[in-house]
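What follows is a short report on a single structure.
Just so it is clear, none of the values below were taken in a lab; they were calculated from the coordinates. A quick note: this is a predicted structure, and the numbers were derived from the prediction, not measured.
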Amino acid sequence: VTSSPNPLDDRAFRENLVAIIPSLRAFARGLCGSRDLADDLAQEALAKAWAARDSFTAGTNFKAWIFRILRNHFYTTANVARRFVLMDPHTTVDLVSVAPTQGAERIRHDIEAGLAALPPPQREALMLVESGLQWDEIAAIADCPIGTIKSRITRGRAALRLYLEGPPPETPVAAGLSQRA
Amino acid sequence: VSDALRQLWSNAESDPVPDDFLALLDQLDAARANPGNPAASRDADDDRDA
């Protein structure tokens, strides 16, 4: 942690924290699936950000800064303490406990369940790109090159599409080959 | 897929923020304002450990 040459005063920093809470909760929910665990994660990120406020440089992107804190805390905790278990579509009770039958709620349910089935880096990239951050900021948060982020997004969207729509129907030729095999 | 993801993010962001988020910030403020106050510090620590 380095000292900022121009830190925000505490009041301005707190205003930033309050304003970022909805986005922080959305990112946390995308990362760990369970709403309760996501709120725990978001609160811990808030406390960590407050403790590290002197390292934030005024004029830089506050959202990118605190998202990185949350993301790093998520992976550290998930890998070390196994507290925020990396999402698994079969264990993410909040997301798949009740399957709605139609409409927007059904789409939301399906997309959440599809997200849960993705590897965490793809899930993270898909959520970050919806957050309004720039490519370079997303890459900095995920600690990888921009090309890697774009690749994760492409593969993640393709996997989600496959999850939502199912595999393409067999062509007659492929079906025939399959029957002969 | 992109529209569904955008909607998912938008819905999550528009969820009402629980009161305990702002309470946490109040406790962190109190701990900072009164660093010698064990109660304020303990509250903040409890929230971090929660």
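Worth pointing out:
- Using the Karplus relation 6.51 cos²θ - 1.76 cosθ + 1.60 with θ = phi - 60°, the per-residue 3J(HN,Hα) values for region A:121-129 come to x, 6, 4, 4, 5, 5, 6, 5, 6 Hz, with x marking Gly and Pro.
- Solvent-free Debye scattering, log10 I(q)/I(0), computed from the Cα coordinates of region A:105-149 at q = 0.29 Å⁻¹: -0.98
- Kirkwood Rh (inverse of mean 1/r, distinct Cα pairs), region A:21-68, angstrom: 11.0
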